[in-house]
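The structure under discussion appears below in the form of structure tokens.
The values are calculated or read from the model by the stated rules, or taken from the named source; none is laboratory data. Fair warning: this is a prediction, and the values are worked out from it, not measured in the lab. Here the Cβ positions follow ideal geometry from the backbone for every residue, glycine too, while neighbour counts run over all protein chains shown.
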Amino acid sequence: MNPQTQEKNKLFEDVYDGKIPKRAPIMVNVDNAFALEYAGMDLRTDQFSVEKNLEAIDITSRDFDSDVVMGLMFRLPSLYKILEARNFIMGGDGFIQHPNVHGLEIDEYDELIADAYKTIWEKVLPRQYPALAKDKFEASKALTKAFFHFFATMGSMGQGYAGIAEKYGKSTYSIASGAATVPFDTLADQLRSFTGISSDIRRVPDKVIAACEALLPLAIKTGLGQNSSKYNRTFIPLHMGPYMREKDFAKFYWPTFKAFVDALDESNVGSNIFVEQDYTRFLDYLGELPAGQLLLFEYGDPKDIKKRLGDKHIISGLYPLSKLRNGTKQECVDYAKELIDILAPGGNFIFSFDKSIIRLNDVNPENMKAVCTYVKENAVY
């Protein structure tokens, strides 16, 4: 293994072990769409090619001083095409979006509660992926093709990531060894939709709670990936919490959220939790999670978050992409210094931005390069 890779891995391992590292690790998360556009490729066509994706990710990993390989591929356009997906749709510019669609009707809650796996397999998936709703032969053919495509693509991408990490001395760890959602978000995002769940918690509250409990074992199974560990951590993007009243959050969202993270922790699997939107109202809840979770904050007061959570959890995020997009290079570096001064003391800190960088126009790349280099040279303990 490249000695630089070993050194970068040690930075993350120290943080995850509760030790103060040699310097703060830098985890800049960019989507493969950003990497393709940064490399001058056409998102509408080149994202279908494993080779083009890896070529673009190689370029971004070479050009930016992040400690991780830069360019994760979460969405597979060919897979969605095979399955004729309704829940992930490519726009005219090639970017894949998640429309507000639902796969479960309100009168089907009892079936989901009785057997979540069976209901998702027999009802939800054929609705979200119409290729699975065709006659048995055609549906089986589409499913077989989809599974083969998924594992072949992800296997090739995994080998490619490892090669890029070795080539440029990047860490072999990243934001995600796998990804899973908390039960309420699964219910909202894929089964009932944003609008549907907002109505359901008023109309059928007891069934919503029971459905989350029924989905919990599936969430845990998904989160405990084959390669997941304390260092290769499960990515958990939070969604619906900030859109809920606190009493609804406490009743519907939190119980299975905490049970999910508890279960991963009991299996010695770490969680990298993307705290979407403003969680200021819920910081005390996050304080109840098992120690050592990585919390990537989108919004919030860094001083307050550090004071309330910094002794128990690893704090990251909070650097706004809007500053990278609109600020001067000096303004961007100055803010990085300010954030490091607040969050780095005592350890439990990984430098990152407030969200994953999806598209090239999300940031000024030159500003991002300057910030990464500044952190690498100055966030030293």
Handout entry: Residues located in segment 233-261, provided they are under 14 Å from L216 (Cβ atoms) and either exposed (fewer than 15 other Cβ atoms within 10 Å of the Cβ) or aliphatic (A, V, I, L, M) (or both)
Key = I236, A259, V261
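Residue-by-condition table, conditions (1) within 30 Å of E13 (Cα to Cα); (2) among the aromatic types (F, W, Y):
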{"site": "F151", "(1), (2)": "yes, yes"}
{"site": "G155", "(1), (2)": "yes, no"}
{"site": "A162", "(1), (2)": "yes, no"}
{"site": "E166", "(1), (2)": "yes, no"}
{"site": "P205", "(1), (2)": "no, no"}
{"site": "E213", "(1), (2)": "no, no"}
Fill in the blank from the handout: Pairing a residue in segment 246-264 that is modelled with pLDDT of 95 or more with any residue that is surrounded by fewer than 19 Cβ atoms within 10 Å (Cβ to Cβ), where Cβ atoms lie under 7 Å and the two sit 6 or more apart in sequence or on different chains, gives E246/R281; F252/I209; W254/Y285; T256/E213; K258/E288; V261/P290; D262/P290; L264/L224
Problem - Filter pass, V380 being surrounded by 19 or more Cβ atoms within 10 Å (Cβ to Cβ) and either within 20 Å of V68 (Cα to Cα) or free of Cβ contacts under 8 Å to residues at least 40 places away in the same chain (or both) - result: no
Problem - Near pairs, Cβ below 8 angstrom, 6+ apart or cross-chain, from segment 149-160 (more than 14 Å from I57 (Cβ to Cβ)) to any residue that is in a helix (DSSP H, G or I) - result: H149/S78; H149/L79; H149/I82; F150/L79
Exercise for the section: Out of the residues in segment 86-103 that are small (G, A, S) and crowded, with 17+ Cβ neighbours inside 10 Å, state the one that is modelled with the lowest pLDDT. Expected result: G94
Problem - Selected residue (only one of K303, K307 is surrounded by fewer than 16 Cβ atoms within 10 Å (Cβ to Cβ), on the phi < 0 side of the Ramachandran plot and in contact with a helix residue (DSSP H, G or I) (Cβ under 6 Å, 6 or more places away or on another chain)) - result: K303
Practice task
List every residue pair whose Cβ atoms sit under 7 Å apart, with the two residues 6 or more apart in sequence or on different chains, where the first one lies in segment 188-210 and is over 14 Å from M240 (Cβ atoms) and in contact (Cβ under 8 Å) with a residue 60 or more places away in the chain and the second, anywhere, is β-branched (V, I, T) and assigned to a helix (DSSP H, G or I).
Solution key: V204/I106; K207/I113; A210/I113
Exercise for the section: Determine whether segment 358-369 contains at least one residue that is within 20 Å of the chain's Cα centre (by Cα) and of a type in the set (V, I, T). Expected result: yes
Handout entry: Some residue of segment 40-49 being within 21 Å of the chain's Cα centre (by Cα) and either within 26 Å of N378 (Cβ to Cβ) or at pLDDT 95 or above (or both)
Key = no
Fill in the blank from the handout: Checked against (1) under 18 Å from the mean Cα position of the chain (by Cα); (2) farther than 13 Å from F184 by Cα, P242 satisfies every condition except (2)
Exercise for the section: Assess whether S193 counts as being surrounded by 19 or more Cβ atoms within 10 Å (Cβ to Cβ) and more than 28 Å from E108 (Cα to Cα). Expected result: no
Practice task
Could you figure out which of (1) under 28 Å from G103 (Cβ atoms); (2) under 17 Å from the mean Cα position of the chain (by Cα); (3) surrounded by fewer than 17 Cβ atoms within 10 Å (Cβ to Cβ) isn't true of P205?
Solution key: (2)
Fill in the blank from the handout: Taking segment 160-181 and the residues there that are hydroxyl-bearing (S, T, Y) and assigned to a loop (DSSP other than H, G, I, E, B), the one that is modelled with the lowest pLDDT would be S177
Practice task
Would you mind stating whether K136 is of a type in the set (K, R), more than 30 Å from S171 (Cβ to Cβ), modelled with pLDDT under 95 and loosely packed, with under 12 Cβ neighbours inside 10 Å?
Solution key: yes
Problem - Residue that is touching a residue at least 12 places away in the same chain (Cβ under 8 Å), closer than 30 Å to P126 by Cβ and crowded, with 18+ Cβ neighbours inside 10 Å, where the choices are L11, L83 - result: L83
Problem - Filtered residue count, segment 156-181, keeping only those that are surrounded by fewer than 19 Cβ atoms within 10 Å (Cβ to Cβ), under 19 Å from the mean Cα position of the chain (by Cα) and either of a type in the set (A, V, I, L, M, F, W, C) or farther than 21 Å from P3 by Cα (or both) - result: 2
Problem - Check on G292, touching a Phe, Trp or Tyr at 6+ places or on another chain (Cβ under 7 Å), surrounded by fewer than 20 Cβ atoms within 10 Å (Cβ to Cβ) and under 27 Å from F249 (Cα atoms) - result: yes
